[in-house]
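Engineer: Mind having a look at this structure? Questions to follow.
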Amino acid sequence: MNITVIGAGISGLALARAVTLHHPHHRVQVHEAQATLRSIGGGLIIPPNSARVLDRLGLGHILDAYGVPLTDMQIIDAKTGRTLYHRPQTAVAQRHGRGLYSLSRTVLHRSLAETLPAGTIHTGHELSGVEYHFDGVAARFTNGAETTADLLVSAEGRESRTRQLTMPETQLVHTGQVAYRGLTTIAPLPQYHNSFVEYWGRGRRFTFFRLAENLTYWHAPVTQTPGATRKKTDLLREYRDFPEQVIELIAHTDAEHIHGVDLSDIRPLPHWHRGKVVLIGDAAHATSPNLGQGAAQALEDAYSLATQLAPLGDPDLPTLSAALGRYQQEREAAANAVVHRSRQIGQLGQAGGAVRLLRNIGMTLSPELARERIEAFYE
């Protein structure tokens, strides 16, 4: 079976890795729009469900080699400094096999790419058209190239060109937030040195964690209309009432290392596949980054799809359409739940007034409920 993957991000490379590792009778080719293979940078949280997929892909060792094992998760009210939630990761490891790790997105991206056979990845291939054939599907690119395959997989992320062409009825829904992301060489305060920390404030949140000894990643979602921008000085003003740790991290980040991203998600799609085209990762279920599950769900999609495609080619086994249906059936409940809950967490974390007070009381009185909501997808 010939498989064409559009997009050389985490989900696309993970699918190619799973297919070539476990199902070498299939042939997979990855086409990337960018002229060079590069990651957008920044940091990732690797929860236990991500770690399990990496183990299956033969890449679990990168967590020990390049990741930072986090000691705890802390959610703090930015106004009062009160700890709303604290979860030691030793307890998470006992329950789920591993605790949280932080990892550079670039490291994961590079590690996946390096496992693939030479000639698998083709850069400079921006998709321009998709055409269904009786015996396959063709992809055309702006550079004049064209390829035909038995299956076309969109792994292009939330702005999927494949989805726009084949499922034009779907639309991204803006969350009302823009996330500013930064990398700085200063370390957090000693009490947060190996922690995942998130401050919750009215209309704003601020998350940070270390990626290496001299590298800290931060993520700052603010309520903002799409298309608007804030400079570093604007962010310093925006967070002036947050704890000093937050101000220091922003202040010591070079302006060119701060990037804003409009946060949007997708309402649940009735179908993740149409004909011989299928969506994975954010192309199928884009989510706002409030649960640390975006990359995790993409990895799970990739492995699930590879597993369902494995037996194809035997005339006594189910068809491609049935395999794609099983893939969606296996993955959609969890993925759609992540989208919904992530949006809820984002709204809750940036609430003000009476909602903030009720939130704080509820999290203090019911830490187990908060734990269940955060760790619901770790299994």
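Engineer: How large is the accessible surface per residue of the chain, computed with a 1.4 Å probe and reported in Å² as a whole number?
Structural biologist: Using a 1.4 Å probe on heavy atoms only, each residue of the chain averages 43 Å².
Engineer: Roughly how many percent of the accessible protein surface of the chain is carbon and sulfur, given a 1.4 Å probe and a whole-percent answer?
Structural biologist: Looking at the chain in its full context, I get 52 percent from C and S.
Engineer: Hey, another quick one. Going by Cα centres, region 270-340 and region 342-379 are how many Å apart?
Structural biologist: 28 Å
Engineer: Measuring from centroid to centroid over Cα atoms, what is the spacing of region 122-182 and region 1-20 in Å?
Structural biologist: Distance between centres, Cα-based: 14 Å.
Engineer: Right, something else. Is region 4-114 rounded, prolate or oblate when judged by the Cα gyration tensor, a ≥ b ≥ c being the square roots of its eigenvalues, rounded requiring a/c under 1.5 and prolate requiring a/b larger than b/c?
Structural biologist: Prolate shape, in that a/c is at least 1.5 and a/b is the bigger ratio.
Engineer: Return a whole-number percent for the relative contact order of region 226-379, with Cα pairs under 8 Å and 6 or more residues apart as the contact set.
Structural biologist: 19 percent
Engineer: Whole-Å semi-axes of region 234-379's equivalent ellipsoid, largest first, each the root of 5 times a Cα gyration tensor eigenvalue?
Structural biologist: 39, 20, 13
Engineer: I need to check one value: relative contact order of region 79-219, counting alpha carbon pairs closer than 8 Å and at least 6 residues apart, in percent.
Structural biologist: Worked out over region 79-219, it gives 15 percent.
Engineer: Treat the chain as a sphere of radius equal to its Kirkwood radius over Cα pairs and apply Stokes-Einstein at 25 °C in a medium of 0.890 mPa s; give the translational diffusion coefficient in µm²/s, rounded to a whole number.
Structural biologist: Answer from the Stokes-Einstein relation: 114 µm²/s.
Engineer: What figure in square angstrom, to the nearest 10, would you give for the accessible area of Tyr378 with a 1.4 Å probe?
Structural biologist: Its accessible surface works out to 10 Å², give or take rounding.
Engineer: Within region 201-223, name every residue whose backbone N is under 13 Å away from a label modeled 7 Å from Cα of Asp234 along the Cβ vector.
Structural biologist: Counting backbone N atoms under 13 Å from the label point, the list is 222-223.
Engineer: Which listed residue (Tyr378, Val355, Gly176) has the Cα farthest towards the positive end of the charge dipole for the chain, taking +1 on Lys and Arg C-beta and -1 on Asp and Glu C-beta about the Cα centre?
Structural biologist: Going by the charge dipole, the pick is Val355.
Engineer: What whole-number distance in Å separates the alpha-carbon centres of region 52-114 and region 231-269?
Structural biologist: Here the two parts' Cα centres lie 22 Å apart.
Engineer: Can I ask one more? Given a 1.4 Å probe and heavy atoms of the protein chains only, how would you sort Glu131, Glu198, largest accessible area at the top?
Structural biologist: The residues order as Glu131, Glu198, largest area first.
Engineer: May I pose another question? What accessible surface, in Å², does a 1.4 Å probe find on His122, ignoring ligands, DNA and RNA and rounding to the nearest 10?
Structural biologist: Approximately 60 Å² for this residue.
Engineer: Would you please report the Å³ per residue occupied by the convex hull of the alpha carbon atoms in region 120-243?
Structural biologist: Here the figure is 182 Å³ per residue.
Engineer: Please give the net charge around Ala251, taking every other residue with its beta carbon less than 14 angstrom from that of Ala251, where Lys and Arg add +1 and Asp and Glu add -1.
Structural biologist: Cβ neighbours under 14 Å give a net charge of -1.
Engineer: Using Cα pairs closer than 8 Å and at least 6 residues apart in sequence, work out the relative contact order for the chain, in percent.
Structural biologist: 21 percent
Engineer: May I pose another question? Ranked highest first by the average count of other Cβ atoms within 10 Å around their residues, in what order do 288-301, 329-342, 359-372 fall?
Structural biologist: The most tightly packed comes first, giving 288-301, 329-342, 359-372.
Engineer: Between Gln29, Gly119, Tyr199, whose Cα lies farthest towards the positive end of the dipole of the chain when Lys and Arg beta carbons carry +1 and Asp and Glu beta carbons carry -1, centred on the Cα centre?
Structural biologist: Ranked along the dipole, the leading option is Tyr199.
Engineer: Moving to a separate point now. Which of the listed residues, Ala284, Pro221, Ala91, is farthest toward the dipole's positive end in the chain, when Lys, Arg count +1 and Asp, Glu count -1 at the beta-carbon?
Structural biologist: The one lying farthest along the dipole's positive direction is Pro221.
Engineer: Hey, got the dipole for region 124-167? About the Cα centre, +1 on K and R Cβ, -1 on D and E Cβ, debye to the nearest 20?
Structural biologist: Value, rounded to 20: 180 debye.
Engineer: Next question, about the same structure. What size of dipole, in debye to the nearest 20, comes out for region 246-379 about its Cα centre when the only charges are +1 on Lys and Arg C-beta atoms and -1 on Asp and Glu C-beta atoms?
Structural biologist: For this selection, approximately 540 debye.
Engineer: Relative to the Cα centre, what is the charge dipole magnitude of the chain, using +1 at the beta carbon of each Lys and Arg, -1 at the beta carbon of each Asp and Glu, and rounding to the nearest 20 debye?
Structural biologist: 980 debye
Engineer: Net charge near Ala138, counting Lys/Arg +1 and Asp/Glu -1 over other residues with Cβ under 13 Å of its Cβ?
Structural biologist: Neighbour charge sum, excluding Ala138 itself: -2.
The values are calculated or read from the model by the stated rules, or taken from the named source; none is laboratory data. What you see is a predicted model; the values in this text were computed from it and never measured. Backbone-built Cβ (ideal geometry, glycine too); neighbour counts: all protein chains shown. Remember, those area values only see protein heavy atoms, side chains included, never the ligands or the DNA or RNA. Shrake-Rupley method; radii C 1.70, N 1.55, O 1.52, S 1.80 Å.
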